Amino acid sequence: RESIRIGINQIEPIDAERQEFVMNEQGILYKGVDEYITNTSWDFGQFEEDILDICLKLLDVNPKCLKDAAEDYSARCNPIYISRVVSAMINSDDDKGVLMGQWDGTYIGGVVPSNWSSSVDILRHWIKYDCHPVKFGQCWVFAAVMCTVLRCLGIPSRVITNYQSAHDTDQNLVIDEYFSDYGVRPKRNLDSVWNYHVWVEGWMRRPDLSQDSLYDGWQVLDPTPQERSSGTYCCGPAPVKAILEGHTDVKYDIPFVYGEVNADKITWLVMANGSKKKILSDTKTVGQNISTKAVGSDSRQDITDQYKHPEGHTSEHVRLCSSGSVKERAAYDEAVKRVTGLKESQTPRPSVQMKLSLDGVPLNGADIRLKLLVKSENSKAQDLTLKMSAQVMRYTGNPAAGIWSHTADLQLQPNTGTGLVLTTNQRQLYNIVNVDCFCSIFANQSRISEQHSGVSLLNDLAF
């Protein structure tokens, strides 16, 4: 006897979008860094012969069904409920989920995450070995498998990549970043900024939040196990419209997702005696080039403006003409107020500004040439010590190894700037960098005669 299975499909009746977000079995995932975006093809395979049965098995072994099957079955008509269950079941941290995560660079007994290219292979492996977790996954693998399951169940979905993605562990919408007084980033830091992070958006209505469709549409769903939501490693659905406006008191997990795309980054200098000094407040770096595959083509679509209002480049620009930037700060203040009831204080602008940039496009096998511009906004000459260093970084923002350092003394004249050209030897990278690593280069300056410091960071480079 044949059974009839009815999927959930709430997408608006636009054929091209239905074809892309429900029917398309092939896709593109975006990785790399914000200035050097790479892509990889992925086989979602949601209509392969056995995938629906595997997806239903995934629902049947979720803890809520095992605890109360009747209640779970009755809730399966609700995409909000289903999406939270699937988000939890893609990872194996607290259930019989599909994938085990691994981020330390050792993959003994499993598959290197970058070697996966098909959700079908992963789901079949999971069901073949009695629902034991498949080794190993990282964020893009978790997201791609979740996209397959949602599309199979009829929930329109797409894979999203956020560059310079913050992991705000205490959800105060601030990322604390620490540098030692000799320029490198210490190994231990609870908050971090990932080169990129990948999640899923599912399209659904949210009558649980508003009767006027205010929060209907795309919802962030993140199966990568980062922080618990109501005691379980899952995330979402978080309305993208709520993230845009800073409505952090809306369900589910808005403060965490808002922080990923729009947290402020506070830089601290850790002195030799253990004391800390706040030296920089960065409101712009987090959340860049938020990307997804475009409808009906293999091109990349930038959807950053769906998550955050445009950000200004200078305070004068904000004051005179940037209504979008004003909206972004207003949304941030609203988000902070709803999370903490407080308004974030401002950090004074330092009198010495530094900008670290590449001198030309980096090439594999070639040395890296850098330009460091140091500019004074002080009416007096300043004697500075510049300390520069390069570290190999994992894509999660954690340091792996130091590879280069350089120190120079400099006298900076009043209200002027000076430039330095530096070269790092890429041969030092060969035995350290692997497929999951990148290179970060830092510059730190301190006045010889006064206690003042600053840090400049060149965004991570992909090799």
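The values are calculated or read from the model by the stated rules, or taken from the named source; none is laboratory data. Because the structure is a prediction, the values reported are computed rather than measured. Here the Cβ is made from the backbone with ideal geometry for all residues, glycine too, and neighbour counts use every protein chain on show. Accessible surface areas use protein heavy atoms only, side chains included; no ligands, DNA or RNA. Shrake-Rupley method; radii C 1.70, N 1.55, O 1.52, S 1.80 Å.
Can you find even one residue in the stretch 208-221 that is open to solvent by 60 Å² or more (accessible area, probe 1.4 Å), at pLDDT 95 or above and either touching a Leu at 6+ places or on another chain (Cβ under 7 Å) or within 19 Å of Val85 (Cα to Cα) (or both)?
Within the stretch 208-221, one or more residues are open to solvent by 60 Å² or more (accessible area, probe 1.4 Å), at pLDDT 95 or above and either touching a Leu at 6+ places or on another chain (Cβ under 7 Å) or within 19 Å of Val85 (Cα to Cα) (or both).
Could you list, ordered by first residue, the pairs with Cβ atoms under 6 Å in which the first is in the stretch 70-97 and within 25 Å of Tyr129 (Cα to Cα) and of a type in the set (Lys, Arg) and the second is open to solvent by less than 30 Å² (accessible area, probe 1.4 Å) and not in a helix (DSSP H, G or I), at least 6 apart or interchain?
What qualifies is Arg84/Cys234; Lys96/Val61; Lys96/Cys131.
Could you run through the stretch 252-264 and say how many residues are open to solvent by 10 Å² or more (accessible area, probe 1.4 Å) and of a type outside the set (Phe, Trp, Tyr)?
Adding up the residues that qualify gives 2.
Which is assigned to a loop (DSSP other than H, G, I, E, B), without any contact (Cβ under 8 Å) to a residue 40 or more places away in the chain and hydrophobic (A, V, I, L, M, F, W, C), of Ile155, Ile108, Ile122? Give the steps one after another, and end with the answer.
Details: Ile155 fails: without any contact (Cβ under 8 Å) to a residue 40 or more places away in the chain; Ile122 fails: assigned to a loop (DSSP other than H, G, I, E, B).
Sole residue among the options that is assigned to a loop (DSSP other than H, G, I, E, B), without any contact (Cβ under 8 Å) to a residue 40 or more places away in the chain and hydrophobic (A, V, I, L, M, F, W, C): Ile108.
How many of the residues in the stretch 297-311 are modelled with pLDDT of 95 or more, open to solvent by 30 Å² or more (accessible area, probe 1.4 Å) and part of a loop (DSSP other than H, G, I, E, B)?
Of the residues in that region, 3 qualify.
Can you give me the number of residues within the stretch 102-122 that are farther than 18 Å from Cys152 by Cβ and open to solvent by less than 20 Å² (accessible area, probe 1.4 Å)?
Within the stretch 102-122, residues that are farther than 18 Å from Cys152 by Cβ and open to solvent by less than 20 Å² (accessible area, probe 1.4 Å) number 1.
May I ask you to list pairs of residues, at least six apart or on different chains, whose Cβ atoms are under 9 Å apart, with the first in the stretch 125-143 being over 16 Å from Gly109 (Cα atoms) and the second being in a helix (DSSP H, G or I) and among the small types (Gly, Ala, Ser)?
Within 9 Å, the pairs are Trp140/Ser114; Val141/Ser114; Val141/Ser119.
Looking at Leu280, is it touching a residue at least 12 places away in the same chain (Cβ under 8 Å), more than 20 Å from the chain's Cα centre (by Cα) and either crowded, with 16+ Cβ neighbours inside 10 Å or part of a strand (DSSP E or B) (or both)?
Yes; evaluated as a whole, the condition is true for this residue.
Taking the stretch 227-251 on its own, how many of its residues are buried (at least 24 other Cβ atoms within 10 Å of the Cβ) and either of a type in the set (Phe, Trp, Tyr) or at negative phi (or both)?
Number of matching residues: 8.
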